[in-house]
Amino acid sequence: MLIGITGQIGAGKSTASEILKNMGMAVVDADKIGKQVVDKNPALLKKLVKEFGSEILTKSGKLNRKKLAELAFENEKSKKRLNAIVHPYLLKKLTSQIKQKSKKSEYVVIDAALLLDWRLDKKMDITIVIHASLKDRLKRLNDRGISQKDALSRQKVQLPFSEYRKRADIFILNNQTECELKNKLKNIFTK
């Protein structure tokens, strides 16, 4: 069974995936794959530098993710440029990991902020949308070192809440504690 987990930035997708992993499910993390494909592919890094400039590199020549995020999430056009470069590599690796984990586990969770953008919800048996109020999301992002300005610019280029709500098989409001989220997920999968 393929279970897609998605939602807006700071809603608690990764926390939900970690809870499901602790319940014995295999997890494929699209963010982690995105980082790996850039780190392990010099040609991809060159394409990013060509598109966004050498300012996205650290002094040692590695990708400065924070700087790339600032540039890529400033508007829809920049986000599309980033996605056009990275997503083909990412989706190939994501598909491969889903196939591998499906052979070993009955339940495979795909943790992907862009699950709906990629239309992968059509391939999932269940799509779970994790949602939280803007106030809670901003606080969580601030706790992770993401400024309010950066968080709001990332939020601005994501799908509207109505689209997440419409395409969810299961919708979970995550404005409380991690323990409460764990209980909600356990109740869903016990049924």
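Structure notes:
- Total residues in segment 58-87, condition in contact with a strand residue (DSSP E or B) (Cβ under 7 Å, 6 or more places away or on another chain) and without any contact (Cβ under 8 Å) to a residue 12 or more places away in the chain: 1
- Taken over segment 147-161, the criterion of being under 19 Å from G12 (Cβ atoms) and free of Cβ contacts under 8 Å to residues at least 24 places away in the same chain is satisfied by Q148, L152, P160.
- Residues that are surrounded by fewer than 21 Cβ atoms within 10 Å (Cβ to Cβ), part of a helix (DSSP H, G or I) and not aliphatic (A, V, I, L, M), drawn from segment 122-143: K122, K123, K135, D136, K139, R140, N142, D143
- Hits in segment 171-183 - residues which are buried (at least 17 other Cβ atoms within 10 Å of the Cβ) and over 30 Å from E76 (Cβ atoms): L181, K182
- The residues of segment 122-154 that are over 24 Å from L68 (Cα atoms), touching a helix residue (DSSP H, G or I) at 6+ places or on another chain (Cβ under 8 Å) and not aliphatic (A, V, I, L, M), listed by number, are T127, H131.
- Looking only at segment 149-170, and only at residues there that are more than 14 Å from the chain's Cα centre (by Cα), of a type in the set (D, E, K, R) and under 23 Å from K77 (Cβ atoms), the one that is surrounded by the fewest Cβ atoms within 10 Å (Cβ to Cβ): K149
- Counted as qualifying within segment 1-91 are the helices (runs of 4 or more DSSP H) with 1 or more residues that are under 12 Å from the mean Cα position of the chain (by Cα), namely 13-22, 30-39.
- Candidate set from segment 151-183 (those that are more than 23 Å from W118 (Cβ to Cβ) and either part of a helix (DSSP H, G or I) or not polar (S, T, N, Q) (or both)); member that is modelled with the lowest pLDDT: L152
- Pair list, Cβ under 6 Å, 6 or more apart: segment 123-138 residue in contact (Cβ under 8 Å) with a residue 40 or more places away in the chain and over 9 Å from Q8 (Cα atoms), other residue part of a helix (DSSP H, G or I) and polar (S, T, N, Q): L138/Q148
The values are calculated or read from the model by the stated rules, or taken from the named source; none is laboratory data. Fair warning: this is a prediction, and the values are worked out from it, not measured in the lab. FYI the Cβ positions are ideal-geometry reconstructions off the backbone, even for glycines, and counts take in every protein chain you see.
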